[in-house]
Structures are given as structure tokens and as C-alpha cells.
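Okay, structure first, notes after.
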Amino acid sequence: MSDSALWTALADPHRRAIVALLLERPRSVGEVSQECGLSQPSASKHLKVLREAGLVRVRQDAQRRVHALDPAPMAALDAWLAPYRTLWNGSLDALGRRLDETAPDTPEHPAPKD
């Protein structure tokens, strides 16, 4: 799996919807197709891209193929996002402090004490 394949796979909104669906539990192509409002051939193509990117693995269950998320690429994505999350958290904390300072004096938002 390359970083490029991972980002390309997740760039498509249908594939992100499939990833979210598979987060709940493994599913067959038919279930993915029905839940995402896609034709079965379209769902199969999207699942193939996700498999090739390493995001999804497939197992045979009698006559059907069941697709499940592979957590390893998500862990790599999470590690890549970690420094940005720190940046966002700092900005959100500063925003929260500013909002607290400017909030009207109400029981839910008492005036700051000097």
C-alpha cells in the first residue's frame, strides 16, 4: 500500500461512505451496494480500490465475499495526522478561552474573575 493509493482511495465520497459503513461491521458487496445506494458493479469497483489501497480485506463466506476494514492503514493515517491534531487542539483551546472571555454574564457563563 502506498500513501498515494490510500489518499486516492479516501478522496472519493462513495469510498469514504463505504469505509464508514464497514466501520460498523463487515459486509457483503450486496449490503454495501444497498446501504450506499450504489449499483452492485459500482460498489464492487469501489471495494476493489479500497482493497488495493489496503483499507479493506475480503474473506470468502460460502457463496459470498465479506469485506472488512483493515485497521493498519487507518493507524498510519492517524499517525500522519497527529502533529496537525496538536495544532488544531491548540487553536480550538485558544478559541474556547476567547469565547469564555466574551460570553455574556449568565448562570451558564459567569463573568471571568480578575
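The values are calculated or read from the model by the stated rules, or taken from the named source; none is laboratory data. This structure is a prediction, so every number in the text was calculated from the model and none was measured. Note that each Cβ is placed from the backbone with ideal geometry, even for glycine, and that neighbours are counted across all protein chains shown. The protein model used for the area step is the full one, side chains on, heavy atoms only, and it has no ligands, DNA or RNA in it. Shrake-Rupley method; radii C 1.70, N 1.55, O 1.52, S 1.80 Å.
Values as computed for the structure displayed
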item: Rounded to 10°, Cα long-axis angle of helix 71-102 versus longest principal axis of the chain; result: 20 degrees
item: For Cα extents along the principal axes in Å, calculated from these coordinates, the label among (1) 70, 30, 21; (2) 45, 28, 23; (3) 53, 33, 24; result: (1)
item: Accessible surface, segment 1-57, averaged per residue in Å² (probe 1.4 Å); result: 56 Å²
item: Highest to lowest packing among 59-70, 87-98, scored as the average C-beta count within 10 Å; result: 59-70, 87-98
item: Tilt relative to the chain, helix 13-24 - C-alpha long axis, 0 to 90 degrees, to 10; result: 90 degrees
item: Only Lys, Arg (+1) and Asp, Glu (-1) charged, at Cβ; the chain dipole about Cα centre in debye; result: 820 debye
item: Helix 40-52 vs. the chain, principal-axis angle (Cα, 0 to 90°, nearest 10); result: 70 degrees
item: Charge dipole (the chain, unit charges on Cβ, about Cα centre) - positive-most of Thr86, Val66, Pro26; result: Val66
item: Protein accessible area in the chain, 1.4 Å probe - carbon and sulfur %; result: 56 percent
item: Two-site label geometry, Arg64 and Gln34: point separation in nm, points 7 Å out along Cα→Cβ; result: 0.7 nm
item: Relative contact order computed over the chain (Cα-Cα under 8 Å; 6+ residues apart), in percent; result: 21 percent
